[in-house]
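Presented below is the structure to which this report refers.
The values are calculated or read from the model by the stated rules, or taken from the named source; none is laboratory data. What you are looking at is a predicted structure, and each value in this text was computed from that prediction instead of being measured. Here the Cβ positions follow ideal geometry from the backbone for every residue, glycine too, while neighbour counts run over all protein chains shown.
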Protein chains: 2
Amino acid sequence: MPAPEIQTAVPFRGTWPALLTPLQADLAIDHARFAAHALQLLAAGCGGVTPFGTTGEGTSFSVAERIAALEAMLAAGVPAQRCIVGTFAAALPDAVALTRHAVASGCHGCLVLQPFYYKGLGDAGIVDYFARLIDQVGDARLRLYLYHIPQIAGVGLSHGVVRALKSRYPETIVGIKDSAGDLAHALALADAFMPGVRIYVGHELHLPILARRGSTGAISGVANLLPRTVSALVEQADAAETPARLARVGDLLDRLRPFGAFAANKGVMALHSGDNGWLRVRPPLQGLDLAGLERLRTALEGFHFDPVTD
Amino acid sequence: MPAPEIQTAVPFRGTWPALLTPLQADLAIDHARFAAHALQLLAAGCGGVTPFGTTGEGTSFSVAERIAALEAMLAAGVPAQRCIVGTFAAALPDAVALTRHAVASGCHGCLVLQPFYYKGLGDAGIVDYFARLIDQVGDARLRLYLYHIPQIAGVGLSHGVVRALKSRYPETIVGIKDSAGDLAHALALADAFMPGVRIYVGHELHLPILARRGSTGAISGVANLLPRTVSALVEQADAAETPARLARVGDLLDRLRPFGAFAANKGVMALHSGDNGWLRVRPPLQGLDLAGLERLRTALEGFHFDPVTD
C-alpha cells in the first residue's frame, strides 16, 4: 500500500487572526499570555491563528525568540495545524530556520515576504530568493502564503513572481495574503491566480467582496479584537447582517486610526483585560502611555465590545 | 593611579571602504577572500574597513554568519581597531548581539540604523530603540555611527533623534554616515552637529565639500574599487588634482549605474581578479551573469584602473 499522499495544496479556511504579541516588562515575549490569547481566539471560533505577522511585530524578534514562543504556544495546547507562522526575515538563513522549524512542528503553513532592506529589485532575484527558501527547507509539507504589504515593507510581489513560483512549486504555493488595502489589486490577483492560489485580503472591509469571489478566509489584525464579527464577514458574506458588520468594523478602525494600529490594538487589549502590560511594544514601535490609553478609552466611548457576538 | 580613561569620542579618519562581501558557490561568505580584500584595501592606504554595510549586503546574513566572518577577518590579520562594523538588524536582540561582539572584539566602532521593517515611526520610538541598544550592549568602549540611508532602508534619521541621543550618550555617539546623497541634507547635519558629531557622506562626489567643512573620512562603496582616489578626495580635498579625481569617480559611477551598484561593484572585482566567483550576491539581490559581465567590460572600455594610483 502506498504511503498516504501529502495534501499540501489545501489552503486555510476561516479567520486566522494576525496575533498580537504580548510582552513582559523586559520586552521579552510573554509566552503564557501569548498562548492564552491564541486559545481564546480559537475558542471564539477562529479557524486558526497567525503568529509573527506584521501586527505581531514578527521582525522585531530574533529567530530564537520566535522559535521559543511558537514552541511554548504549541506546548500550551494550540494545535500546530491551526497555526500559520510568519517566518519572513531580512536574511535567507533566518527565514529558512524559521520556516523549517514551523513545518517540522506540524504547522499548517508559513507566511513569507522577501527580504525588505533592499528596495526596487527585479523579479528574478525575488523568485531566486523564494526558490532557495523552499529548496533549503526541503520539506514537501510546506504550504507557503506569499505576503504582499508594500506600504509597510517597502517591497512587493508582482504577478510575474507569483506565476513563476506557482509554476515551479505548484503544491507549495497555496495562497497570497494581500495587505496592500487596494481592492483593485486584490481582485486582479484573484482574476489571475484563483482558485489555484487563494487570495486573502488584509483590509477587513474588503472581506465579503473577496469571499464572494472565492476567497476562503482572513488573516486579520482587527480579528484580535472582533474575532466573531470578522469571521462572519468571511463565512457569511451574503448574510443580511453583512452591511451592519462592515459598519461596525469600519467604525472601530476609524476610532483606532489616530493612535496607530500597533499601539491601538494593544491598547484595546489593555482596556479589555485591565492589564496595562498589554501596552508594551518592541521599539522602534511605540505603545500607548497611560495618557494615551485614557484618550483611547474616550475614543471608544459608545463602542461596546460584546464578548459573545464580537 | 587611576585606570586610563576610555577615549570613545574620537571618530575615525580616512577612507574605510564599505566592504563588498565575497561569497562561495553555496552563497556562504568566503572568509579567506573577504579578509584578503580587506587587507588589500588597508595596504592601499585606507584608514580601515567597514564590513556589513549596505554595499556589503549586511542584512542578508544571519547574526552567526556576520560574527563568524568578522572573527575570521580579525584572525587573518585585519586589526580590530581598523574595523567599523555594520551591526544593524531588524530585531533589537540581533543588533545587540552583533554590536556587543564587535565591541568585545576591540573594533573601532559600529554603524547602526534603526529597524527597517516598520516605516513612518515617531522619533521617540527610534530614540528608545537606540537607547536600549546602547544600554544592553553596556560597554563604555562603544562608538556608534548613526546611519542615514532612507532611499534603501525606507526609514531615516531626524535631527531630533541625533540631538536626543548625543545629549544622552555624548561619549558613544561620535558620527553620522549620511548616505542619502543629498548635499543640502549633509550640510545641514554638519551645521547642526559638527564637530561633536562628525558627518561622513556616502556620495563620493560630495567628499571634498564635506572635508572642507570638517569631515575627516569616508565610508564608501566605490572605495572598494578606487581606494587611493577616494582617500585623496578626503585627505587632500584642496589639492589641484581634486577636480580630475572627482571627474574620474563620477565617470566610473556613470559607467556602473546601469548595472546597479551591487552587481556592478562585484562585476568590477570579477574583471580585476579574473575570478567570476566575485559575481555572486545573496538573493533577492541579483548579480551579473556572464553576458552582463561582458556588457560591463564593454562599458568600462577606456576606463583604466591603475593599481598604483587608484
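List of remarks:
- Of all residues in region A:97-116 being among the small types (Gly, Ala, Ser) and closer than 17 Å to A:ALA140 by Cβ, the one that is farthest from the other protein chains (Cβ to nearest Cβ): A:GLY106
Per-residue answers, yes or no, for (1) farther than 23 Å from A:HIS304 by Cβ; (2) under 16 Å from the mean Cα position of the chain (by Cα):
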site	(1), (2)
A:HIS206	yes, yes
A:ARG213	yes, no
A:THR216	yes, yes
A:GLY221	no, yes
A:ASP238	yes, no
A:PRO243	no, no
A:LEU246	no, no
A:LEU252	no, no
A:LYS266	no, yes
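- Only listed residue being out of contact with any Gly (no Cβ under 7 Å at 6 or more places or on another chain), of a type in the set (A, V, I, L, M, F, W, C), outside any strand (DSSP E or B) and on the phi < 0 side of the Ramachandran plot, chosen from B:ALA291, B:ALA263: B:ALA291
- The set of residues from region B:239-260 being within 14 Å of another protein chain (Cβ to nearest Cβ) and either aromatic (Phe, Trp, Tyr) or not in a helix (DSSP H, G or I) (or both) comprises B:PHE259, B:GLY260.
- Condition check for A:ILE84: modelled with pLDDT of 95 or more, in contact with a Ser or Thr (Cβ under 7 Å, 6 or more places away or on another chain) and surrounded by fewer than 24 Cβ atoms within 10 Å (Cβ to Cβ): no
- One residue stands out among those in region B:229-286 that are free of Cβ contacts under 8 Å to residues at least 40 places away in the same chain and of a type in the set (Ser, Thr, Tyr): the one that is surrounded by the fewest Cβ atoms within 10 Å (Cβ to Cβ), which is B:SER273.
- Those helices (runs of 4 or more DSSP H) of region B:64-179 that lie entirely within it include none in which at least 3 residues are hydroxyl-bearing (Ser, Thr, Tyr).
- Residues satisfying the stated conditions in region A:136-157, i.e. within 12 Å of another protein chain (Cβ to nearest Cβ) and over 16 Å from A:VAL201 (Cβ atoms): A:GLN136, A:ALA153, A:GLY154, A:VAL155
- Search result, residues across region B:56-68 that are over 19 Å from B:TYR145 (Cα atoms) and buried (at least 24 other Cβ atoms within 10 Å of the Cβ): B:SER60, B:PHE61
- Sole exception among (1) touching a Cys at 6+ places or on another chain (Cβ under 8 Å); (2) touching a residue at least 60 places away in the same chain (Cβ under 8 Å) for A:GLU171, by number: (1)
- Test: residue in region A:187-207 that is at pLDDT 95 or above, within 14 Å of chain B (Cβ to nearest Cβ) and over 23 Å from A:PRO17 (Cα atoms): no
- Residues that are among the hydrophobic types (A, V, I, L, M, F, W, C) and not in a helix (DSSP H, G or I), drawn from region B:198-238: B:ILE199, B:VAL201, B:ALA218, B:ILE219, B:LEU225, B:LEU226, B:ALA237
- Near pairs, Cβ below 8 angstrom, 6+ apart or cross-chain, from region A:10-25 (over 16 Å from A:TYR200 (Cβ atoms)) to any residue that is part of a strand (DSSP E or B) and of a type in the set (Val, Ile, Thr): A:THR21/A:ILE29; A:PRO22/A:ILE29; A:LEU23/A:ILE29
- Flag for B:GLY217 being under 22 Å from A:TYR118 (Cα atoms) and touching a residue at least 60 places away in the same chain (Cβ under 8 Å): no
- Extreme residue, farthest from the other protein chains (Cβ to nearest Cβ), among residues of region A:270-284 that are assigned to a loop (DSSP other than H, G, I, E, B) and closer than 20 Å to A:LEU252 by Cβ: A:GLY274
- Restricting region A:76-96 to residues that are within 19 Å of the chain's Cα centre (by Cα) and away from chain B (no Cβ under 14 Å) leaves a set whose member that is farthest from A:ARG143 (Cα to Cα) is A:VAL78.
- Test: residue in region B:64-75 that is within 14 Å of chain A (Cβ to nearest Cβ), of a type in the set (Gly, Ala, Ser) and in contact (Cβ under 8 Å) with a residue 24 or more places away in the chain: yes
- Sole residue being more than 24 Å from A:LEU92 (Cβ to Cβ) and modelled with pLDDT of 95 or more, chosen from B:HIS37, B:HIS108, B:HIS31, B:HIS101: B:HIS108
- For region A:25-52, the candidate set comprises residues that are within 14 Å of chain B (Cβ to nearest Cβ) and farther than 16 Å from A:HIS101 by Cα; within that set, the residue that is surrounded by the fewest Cβ atoms within 10 Å (Cβ to Cβ) is A:ASP26.
- Some residue of region B:7-22 being within 13 Å of chain A (Cβ to nearest Cβ), β-branched (Val, Ile, Thr) and surrounded by fewer than 24 Cβ atoms within 10 Å (Cβ to Cβ): no
- Selection of region B:297-310 for residues being assigned to a helix (DSSP H, G or I) and in contact (Cβ under 8 Å) with a residue 40 or more places away in the chain yields only B:ALA299.
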